[in-house]
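The values are calculated or read from the model by the stated rules, or taken from the named source; none is laboratory data. Since the structure is predicted, the reported quantities are computational estimates derived from the model, not experimental observations. Here the Cβ positions follow ideal geometry from the backbone for every residue, glycine too, while neighbour counts run over all protein chains shown.
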Amino acid sequence: MSAEKISSKIWKEVPEADNPFAASVCYCSGFDVYGEVLPKAGWIEYLYLLLMGERPSIHQTRLLELLAIALANPGPRDLSVRAAMNGAVGGSNNASNLIAALAVGAGGFGGSRELVALMQIWSKCGQDIDLWSHYLANPPKEERRDDWMHLSHVPGFDPYGASRSKPVQQILDCLASVPTAANVKWLQRNVSNLETAVDMPLSMIAVVAAACIDLSLDYNQGEMLYLMLRLPGAAVHALEQKKMGWRKYPFFGDAVELLDYPHAD
């Protein structure tokens with residue numbers, strides 16, 4: 001009987017001579033992970049190798065590193081972080097708290113669903129300001145879907161914002177400093193025109209989408225990366241709130257009412 005094998009272009013293992021269930025050498029897209037990548041590469045380079053199957057350039061490494069820092073902690077205002085915090089103070093285990101963050105962070109308001117929609121739009125409009133202006137003035141209606149609700153706003157823009165937030169501008173400017181970030185640079189040059197066309201300020205999702213395209217990611221890769229890179233913030237805020245307890249958590253304490261019941265006869 002022939003042995004069943006998993007097909008993968010990403011990963012290859014050579015088993016130990018005396019133990020077929022343990023790997024002796026592991027290759028990621030042709031690179032020896034523990035003999036070559038581990039002592040010579042950084043985490044960001046390895047992450048790009050995993051995603052793209054090739055070694056990143058200096059500029060790709062820098063762009064991905066900046067993006068990772070920008071996304072690492074969305075902060076407690078973010079709905080996905082709040083989901084993890086809610087679970088933590090309610091007594092859920094750590095895995096459940098991260099799953100809560102992933103679930104909420106996959107949605108259509110600041111989540112990966114919005115990112116996917118914007119990257120798909122970007123593939124059609126590219127760096128053509130006329131196409132973008134037409135799209136923003138006349139956004140197409142989404143087809144009916146069973147897995148997601150329709151987006152409630154134009155992706156990449158903040159429907160509740162009065163003006164572009166300072167962190168969004170800072171991240172946009174920082175990522176645009178990378179020489180090969182052509183789409184981020186284009187966004188930086190045209191941001192005011194885009195905001196005027198849609199009458200809403202730019203959101204973080206738009207900067208992330210531009211960076212993902214400059215990294216040559218497709219929308220599935222961009223979605224996975226976005227979900228992963230935001231987990232550190234959800235994790236540390238959940239751990240902090242779990243340690244502090246629900247009594248110091250403003251959204252739980254006022255909703256809990258303790259009653260004195262008379263002793264049973």
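List the helices (runs of 4 or more DSSP H) that sit entirely inside the range 157-254 and contain at least 1 residues that are out of contact with any helix residue (DSSP H, G or I) (no Cβ under 9 Å at 6 or more places or on another chain). Working first, answer last.
Details: elements: 166-176, 182-198, 204-214, 219-229, 231-244.
Fully inside the range 157-254 and qualifying: 166-176, 182-198, 231-244.
Could you go through the range 81-103 and let me know if any residue there is closer than 21 Å to Y160 by Cα and assigned to a loop (DSSP other than H, G, I, E, B). It would help to see each step written out before you state the result.
As a first pass, look at the range 81-103 and keep what is closer than 21 Å to Y160 by Cα: 81-83.
After this cut, where a residue has to be assigned to a loop (DSSP other than H, G, I, E, B) as well, the list is none.
Among the residues of the range 81-103, not one is closer than 21 Å to Y160 by Cα and assigned to a loop (DSSP other than H, G, I, E, B), which makes the answer no.
Out of the residues in the range 44-77 meeting the condition of being within 17 Å of the chain's Cα centre (by Cα) and part of a loop (DSSP other than H, G, I, E, B), tell me which one is surrounded by the most Cβ atoms within 10 Å (Cβ to Cβ).
Residue satisfying both the conditions and the ranking: P74.
Just one of (1) modelled with pLDDT of 95 or more; (2) not assigned by TED's automatic domain parsing to the domain that holds N183 trips up A100, so point out which.
Here A100 clears every test but (2).
Does the range 116-137 contain any residue that is out of contact with any Asp or Glu (no Cβ under 8 Å at 6 or more places or on another chain) and more than 22 Å from E195 (Cα to Cα)?
Checked against the condition, which is being out of contact with any Asp or Glu (no Cβ under 8 Å at 6 or more places or on another chain) and more than 22 Å from E195 (Cα to Cα), the range 116-137 yields no hits at all.
Results for (1) buried (at least 18 other Cβ atoms within 10 Å of the Cβ); (2) closer than 30 Å to W246 by Cα; (3) at pLDDT 90 or above; (4) of a type in the set (V, I, T), shown as yes or no for each residue.
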{"site": "V104", "(1), (2), (3), (4)": "yes, yes, yes, yes"}
{"site": "L115", "(1), (2), (3), (4)": "yes, no, yes, no"}
{"site": "C125", "(1), (2), (3), (4)": "no, no, yes, no"}
{"site": "N138", "(1), (2), (3), (4)": "no, no, no, no"}
{"site": "E142", "(1), (2), (3), (4)": "no, no, no, no"}
{"site": "W148", "(1), (2), (3), (4)": "no, no, no, no"}
{"site": "P155", "(1), (2), (3), (4)": "yes, no, yes, no"}
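Being under 17 Å from L227 (Cα atoms) and either touching a Gly at 6+ places or on another chain (Cβ under 9 Å) or not aliphatic (A, V, I, L, M) (or both) narrows it down to one of G35, G111, G87, so name that one.
Details: G35 fails: under 17 Å from L227 (Cα atoms); G87 fails: under 17 Å from L227 (Cα atoms).
Answer to the selection: G111.
Regarding G35, is this residue surrounded by 14 or more Cβ atoms within 10 Å (Cβ to Cβ) and either without any contact (Cβ under 8 Å) to a residue 12 or more places away in the chain or of a type in the set (G, A, S) (or both)? Spell out how you get there, then give the answer.
Values: surrounded by 14 or more Cβ atoms within 10 Å (Cβ to Cβ): no; either without any contact (Cβ under 8 Å) to a residue 12 or more places away in the chain or of a type in the set (G, A, S) (or both): yes.
Against the criterion (surrounded by 14 or more Cβ atoms within 10 Å (Cβ to Cβ) and either without any contact (Cβ under 8 Å) to a residue 12 or more places away in the chain or of a type in the set (G, A, S) (or both)), G35 does not qualify.
Within the range 204-214, does at least one residue satisfy the condition of being in contact with a strand residue (DSSP E or B) (Cβ under 8 Å, 6 or more places away or on another chain), at pLDDT 75 or above and assigned by TED's automatic domain parsing to the domain that holds N97?
Taking the range 204-214 as the starting set, the residues that turn out to be in contact with a strand residue (DSSP E or B) (Cβ under 8 Å, 6 or more places away or on another chain) are 206.
From what is left, the residues that are at pLDDT 75 or above are 206.
With the extra rule that they be assigned by TED's automatic domain parsing to the domain that holds N97, the set shrinks to 206.
Looking for residues that are in contact with a strand residue (DSSP E or B) (Cβ under 8 Å, 6 or more places away or on another chain), at pLDDT 75 or above and assigned by TED's automatic domain parsing to the domain that holds N97, one finds at least one in the range 204-214, hence yes.
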